[in-house]
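Since the structure comes first, as structure tokens, the remarks are kept for the end.
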Ligand SMILES: [Zn+2]
């Protein structure tokens, strides 16, 4: 399966006893850390197969699960020398495929940034706005105008700007030094869709 994220197994362990066996896998998937656990007991009820993602506050958030009713009969009854990988790896792989499909659909940004970018989109395109940014748009924007900056301001507002050159005091100073008025030259590059 192709994925824009590198997918690295950072830890995997299996264990087996007379009445249970279990597989634990930790995977790094781009910016995400995912834990997959598959646990088989003699009885159906305590069995589980689940994938969780590590959230910012270092807790595991459930993402997908595979109900034991669907796989209990396809896996061996526990015994001490069961081949745990053979029994449980297909279930773990299936969970990882589902996790990948879910996580690669959205670019993960810190919540504050999501809120502010969401507000920018809503202001520009309306409260139910939608807009596709193509790789060409990104190339054009990087090559035109000033550098993009998002500046947190003391009053809680955020300034999004491409109106200032790299060495404008507004961008370079730690404190609130305003633009020195020499930034007009970098504004409104050729072919600016907003200007036509
Ligand atoms: Zn400036």
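Every read-out reported here was derived from the displayed coordinates using simple, explicitly stated rules and does not represent laboratory data. Keep in mind the model is a prediction, meaning the values are calculated, not measured. FYI the Cβ positions are ideal-geometry reconstructions off the backbone, even for glycines, and counts take in every protein chain you see.
Computed over the Cα atoms of region 117-184, what is the ratio Rg over Rh, Rh following Kirkwood? Kindly include the intermediate steps, with their values, before the conclusion.
Values: Rg = 14.0 Å, Rh = 13.8 Å.
Rg/Rh for region 117-184 comes to 1.02.
Against the longest principal axis of the chain, how steep is helix 84-103, in degrees 0 to 90 to the nearest 10, with axes from Cα atoms? Once rounded, the angle reads 20 degrees. Across q = 0.09, 0.13, 0.16, 0.17 Å⁻¹, the chain modelled as identical point scatterers on its alpha-carbon atoms has Debye log10 I(q)/I(0) values of -0.57, -0.84, -1.05, -1.14, in the order of the q list. When 72, 79 are sorted by how many other C-beta atoms sit within 10 angstrom of their C-beta, beginning with the fewest, the order is 79, 72.
Taking neighbour counts of Cβ atoms within 10 Å as a proxy for exposure, in what order, fewest first, do 47, 179 appear? Display every interim value, and only then the final one.
Details: 47 20, 179 15.
Listed from fewest to most nearby Cβ atoms, that is 179, 47.
Shape class for region 5-69, computed from the alpha carbon gyration tensor (a ≥ b ≥ c): prolate, with a/c not under 1.5 and a/b above b/c. Extent of region 17-122 along its three principal axes (Cα atoms, max minus min coordinate, largest first): 58, 23, 22 Å.
Which of 127, 55 has the fewest other C-beta atoms within 10 Å, and how do the rest follow up to the most? Spell out each step's value before the answer.
On the way: 127 8, 55 11.
Ranked by crowding around the Cβ, least crowded first: 127, 55.
Here the spin labels are modelled as points 7 Å beyond Cα on the Cα-Cβ line, and at residue 97 and residue 80 they lie 3.6 nm apart. Taking a point 7 angstrom from the Cα of residue 54 along the C-beta vector, which residues in region 14-29 have backbone N less than 11 Å away? Residues 26-29 qualify, since their backbone N sits under 11 Å from the label point. Scoring 90-102, 132-144 by mean Cβ neighbours within 10 Å over their residues and listing the highest first yields 90-102, 132-144.
Rounded to the nearest 10 degrees, the angle from helix 111-125 to the longest Cα principal axis of the chain is 50 degrees. When each of the peptides 145-151, 17-23 is scored by the mean number of other C-beta atoms lying within 10 Å of its residues, the order from highest to lowest reads 17-23, 145-151.
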